[in-house]
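A.B. asks: Before I ask anything, here is the structure I am working with.
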Amino acid sequence: MARLEGKRTIVTGAGSGIGRASALLFAAEGAAVLAVDRDAEAVAETVRRIEAAGGRGIGLAADAGSEKDIADFVSHAAETFGGLDVVFANAGVSGGLTPLLEQPVSLWEEVLRINLIGPFLAIRHAAPLMAAQGGGSIVCTASVAGLRANAAGAPYSASKAGVISLVQTAANALGGTKVRINAICPGLIETGMTRPLFDGARERGTEDRIGQLNPLRRAGQPEEIAAAALFLASDESSYVNGQAIAVDGGLSSTHPFAPSRR
Ligand SMILES: NC(=O)c1ccc[n+]([C@@H]2O[C@H](COP(=O)([O-])OP(=O)(O)OC[C@H]3O[C@@H](n4cnc5c(N)ncnc54)[C@H](O)[C@@H]3O)[C@@H](O)[C@H]2O)c1
């Protein structure tokens with residue numbers, strides 16, 4: 001049996017990278033997928049790929065940081081699919097690399113709105129539906145940037161640290177409801193968000209140095225995060241709750257070090 005057979009799911013940020021790979025994998029594993037992204041064309045392409053592979057998907061252009069949009073797409077999924085079992089609150093923005101002391105408040109507000117308040121609102125609107133129907137799984141995308149410094153800018157890192165705390169506090173706040181809430185902390189993954197880094201390294205011929213700080217000595221692919229999202233979404237993770245799982249090639253397991261030269 002497929003690993004998400006009969007599950008009714010939402011994936012945000014499904015127009016690119018980790019979200020698209022997860023939407024495709026969820027559908028391939030038997031889920032009905034509401035794919036959400038603020039980029040209408042990109043999410044339509046994700047749905048085309050789901051359908052071409054024989055899966056069930058619908059697309060919706062919406063802002064995953066807006067309470068109105070979140071309330072709308074949660075109820076749209078529940079009405080269309082007849083319930084809701086899984087939400088992967090994955091949409092996020094990097095916020096760029098403006099130096100700390102030059103960052104305007106508006107930058108912090110926008111990054112926190114999308115990366116942290118969005119997942120909170122996804123929980124707030126989806127969890128009651130899930131609880132009423134006997135349980136569900138909510139997965140949020142955090143980051144290794146939420147564990148330690150230097151993986152991204154300050155607003156991004158703070159937003160992802162917030163997501164890690166959110167899944168811990170929400171899993172406890174929802175104790176007894178059978179709604180599980182977990183996060184994934186990806187390391188460096190090749191997606192739209194990190195494209196400039198990969199393109200720059202390829203242009204300079206330093207591609208082999210990408211990911212050199214983790215023990216696997218390489219960057220990750222979106223499908224490797226989708227595989228973790230699939231596990232957390234499925235009943236295979238039925239006793240995993242309130243956790244933030246790093247999927248980072250081992251990056252967060254180490255102290256800073258200088259790789260030996262061969
Ligand atoms: N790529 C990495 O190395 C990496 C590492 C750690 C965490 N992450 C996180 O993974 C998640 C997915 O990012 P990705 O790497 O796949 O990047 P990506 O840019 O390829 O995909 C992100 C998608 O989210 C969409 N999006 C952004 N803001 C949105 C909003 N307000 N409403 C709806 N959709 C919105 C974008 O249009 C895009 O399609 C993000 O939360 C990101 O912070 C990425």
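Here's the yes/no breakdown for (1) surrounded by fewer than 18 Cβ atoms within 10 Å (Cβ to Cβ); (2) over 29 Å from Asn241 (Cβ atoms); (3) modelled with pLDDT under 95; (4) not charged (D, E, K, R):
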residue: Arg20; (1), (2), (3), (4): no, no, no, no
residue: Ala42; (1), (2), (3), (4): no, yes, no, yes
residue: Asp69; (1), (2), (3), (4): no, no, no, no
residue: Ala78; (1), (2), (3), (4): no, no, no, yes
residue: Asp85; (1), (2), (3), (4): no, no, no, no
residue: Gly92; (1), (2), (3), (4): no, no, no, yes
residue: Val105; (1), (2), (3), (4): yes, yes, no, yes
residue: Glu109; (1), (2), (3), (4): yes, yes, no, no
residue: Ile114; (1), (2), (3), (4): no, no, no, yes
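A.B. asks: Select from the stretch 148-165 the residues that are farther than 23 Å from Lys68 by Cα, assigned to a helix (DSSP H, G or I) and of a type in the set (Gly, Ala, Ser) and write down the one among them that is nearest to the ligand (Cβ to nearest atom).
C.D. replies: Per the criteria, the residue is Ser157.
A.B. asks: Something else now. With respect to Thr12, is the statement that it is within 12 Å of the ligand (Cβ to nearest atom), of a type in the set (Ser, Thr, Tyr) and under 19 Å from Cys185 (Cα atoms) true?
C.D. replies: yes
A.B. asks: Also: Looking at Ala127, Ala62, Ala52, Ala145, can you tell me which residue is surrounded by fewer than 20 Cβ atoms within 10 Å (Cβ to Cβ) and either away from the ligand (no atom under 15 Å from the Cβ) or modelled with pLDDT of 95 or more (or both)?
C.D. replies: Within the list Ala127, Ala62, Ala52, Ala145, the selection yields Ala52.
A.B. asks: Can you run down the residue pairs with Cβ atoms below 8 Å, 6 or more apart or on separate chains, where the first is in the stretch 196-212 and closer than 21 Å to Gly96 by Cα and the partner is among the small types (Gly, Ala, Ser) and not in a helix (DSSP H, G or I)?
C.D. replies: Phe198/Ala219; Ile210/Ala219; Gly211/Gly187; Gly211/Ala219; Gly211/Gly220; Gly211/Gly249
A.B. asks: Mind checking which residues of the stretch 177-215 are farther than 19 Å from Gly17 by Cα, assigned to a loop (DSSP other than H, G, I, E, B) and touching a helix residue (DSSP H, G or I) at 6+ places or on another chain (Cβ under 9 Å)?
C.D. replies: Thr177, Lys178, Thr206, Leu213, Asn214, Pro215, listed by residue number.
A.B. asks: Also: Can you tell me which residue among Glu5, Glu29 is more than 15 Å from the ligand (Cβ to nearest atom), under 27 Å from Cys185 (Cβ atoms), among the acidic types (Asp, Glu) and in contact with an Asp or Glu (Cβ under 8 Å, 6 or more places away or on another chain)? Don't jump to the end; show me each part of the working.
C.D. replies: Numbers: Glu5 fails: under 27 Å from Cys185 (Cβ atoms).
Of Glu5, Glu29, the one residue that is more than 15 Å from the ligand (Cβ to nearest atom), under 27 Å from Cys185 (Cβ atoms), among the acidic types (Asp, Glu) and in contact with an Asp or Glu (Cβ under 8 Å, 6 or more places away or on another chain) is Glu29.
A.B. asks: In the stretch 189-204, is there at least one residue being surrounded by 20 or more Cβ atoms within 10 Å (Cβ to Cβ), of a type in the set (D, E, K, R), at pLDDT 95 or above and touching a strand residue (DSSP E or B) at 6+ places or on another chain (Cβ under 9 Å)?
C.D. replies: No.
A.B. asks: For residues that are part of a loop (DSSP other than H, G, I, E, B) and more than 16 Å from the ligand (Cβ to nearest atom), scanning just the stretch 219-242, find the one that is surrounded by the fewest Cβ atoms within 10 Å (Cβ to Cβ). Let's see the steps before the verdict.
C.D. replies: Start the filter on the stretch 219-242 by keeping residues that are part of a loop (DSSP other than H, G, I, E, B), which leaves 219, 221, 234, 238-242.
After this cut, where a residue has to be more than 16 Å from the ligand (Cβ to nearest atom) as well, the list is 234, 238-242.
Numbers: Ser234: 21, Ser238: 11, Tyr239: 6, Val240: 14, Asn241: 20, Gly242: 16.
By that ranking, first place goes to Tyr239.
A.B. asks: Inspect all residues belonging to the stretch 236-252 and state whether any of them is free of Cβ contacts under 8 Å to residues at least 40 places away in the same chain and more than 17 Å from Ser143 (Cβ to Cβ).
C.D. replies: Yes, because at least one residue in the stretch 236-252 is free of Cβ contacts under 8 Å to residues at least 40 places away in the same chain and more than 17 Å from Ser143 (Cβ to Cβ).
The values are calculated or read from the model by the stated rules, or taken from the named source; none is laboratory data. No experiment lies behind these values; they were computed from the predicted model shown. Counting neighbours? That spans all protein chains shown, and the Cβs are built from the backbone with ideal geometry, glycine included.
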